[in-house]
Amino acid sequence: MKLIENSTIGSFRYQRYIFKSNLLHDNIHLGFLRPNDLQNHTTFKKTLFIFHGGDGDDKQCVDAGLPLLIEQTLYAKMVLQEVQIVLPFIDAKFLYGNMSRYFIEEIIPLVKRQTSSERESLALYGYSMGGQAALNVFFRFTSNFFCIGASFPTLITFHYDSEGEVRDFSLRTKVSDQNLELLISSFKNTFPSKSEFTLYDPLSLVKSVDTKTLGTKKIYLDVGSEDEFGLHEGTQTLHSLLNERGISHQFELIEGGRHDASFLAQQFPKFLHFMLS
């Protein structure tokens, strides 16, 4: 693993590495946010992996001001003392196959070699496509993590190859044609068949995870009522499925909330409080 960027952002040290993934047969980037006094932090109580949105890369959170946002919260001191933040690169293929295996089999062991991190201390958070990816990994490898958070994850309740289901979804959610096409194309490009989609869809996966295992985890979901991609429907569906299975979790439907950075700036501190409490 080669260090290619090492900079100070407020109280954080941002380090970006490049490493060769044997599973993906490619050079992959990986970022870390840790306190400036790294020599005093060889162990952390918690490791938080944050999955970026579909139009970005592993630097998206840093470029959007995540370190300074954290410093403005009530939990800044606790984060700096107890949490290392890891920013992996993902893309749409992360939702299945080798891309998610690379996270479990390469990224997590690599992070554990950097600092002392056990499964009881690992948490996931993602937004948009990253929220879908985080839920996908969490429901498939639940025992590896103690906490999951997802903001406006790309969860859909219709099948993208059915004109009738697509039309009904559009009418229910009033999604624009342009945003509907973006949403549908991302799934079509990733999952060529409905059976493959179902295998990796969090709304399907949650039904098969052992309730005793899920009941010991911390689960956080939020979405805006005005989400431009209609993702409030899928997120509310996951909320209902968790309720049906008797799984304790925190869910917020934010009136007027949209699919944007302002929503994340408002909600991410709430997730931090949930994770750390």
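The values are calculated or read from the model by the stated rules, or taken from the named source; none is laboratory data. Computed from a prediction, not measured in an experiment: that's the story for all the values here. Reconstructed Cβ throughout: ideal geometry from the backbone, glycine too, with neighbour counts over all protein chains shown.
Annotations for the structure displayed:
- Options T213, T237, T198; residue that is of a type in the set (V, I, T) and without any contact (Cβ under 8 Å) to a residue 24 or more places away in the chain: T198
- Within the stretch 53-63, the set of residues being surrounded by fewer than 17 Cβ atoms within 10 Å (Cβ to Cβ), within 24 Å of P202 (Cβ to Cβ) and at pLDDT 90 or above comprises D57 only.
- Checked against (1) over 26 Å from S170 (Cβ atoms); (2) without any contact (Cβ under 8 Å) to a residue 40 or more places away in the chain, S225 passes all but a single condition, namely (1).
Let's see how each residue does on (1) under 15 Å from the mean Cα position of the chain (by Cα); (2) of a type in the set (D, E, K, R); (3) within 25 Å of S170 (Cα to Cα); (4) at pLDDT 95 or above:
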residue	(1), (2), (3), (4)
I247	no, no, no, yes
G257	no, no, yes, yes
S262	no, no, yes, yes
F268	yes, no, no, yes
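- S248 being touching an Asp or Glu at 6+ places or on another chain (Cβ under 6 Å), polar (S, T, N, Q) and farther than 26 Å from E71 by Cα: no
- Restricting the stretch 241-256 to residues that are assigned to a strand (DSSP E or B) and among the aliphatic types (A, V, I, L, M), the residue that is surrounded by the fewest Cβ atoms within 10 Å (Cβ to Cβ): L253
- Criterion: touching a residue at least 12 places away in the same chain (Cβ under 8 Å), in a strand (DSSP E or B) and surrounded by fewer than 16 Cβ atoms within 10 Å (Cβ to Cβ) - qualifying residue of I18, I50: I18
- Members of the stretch 59-73 that are in contact with a strand residue (DSSP E or B) (Cβ under 7 Å, 6 or more places away or on another chain) and either free of Cβ contacts under 8 Å to residues at least 40 places away in the same chain or polar (S, T, N, Q) (or both): C61
- Search result, residues across the stretch 213-227 that are farther than 26 Å from H259 by Cβ and crowded, with 19+ Cβ neighbours inside 10 Å: L214
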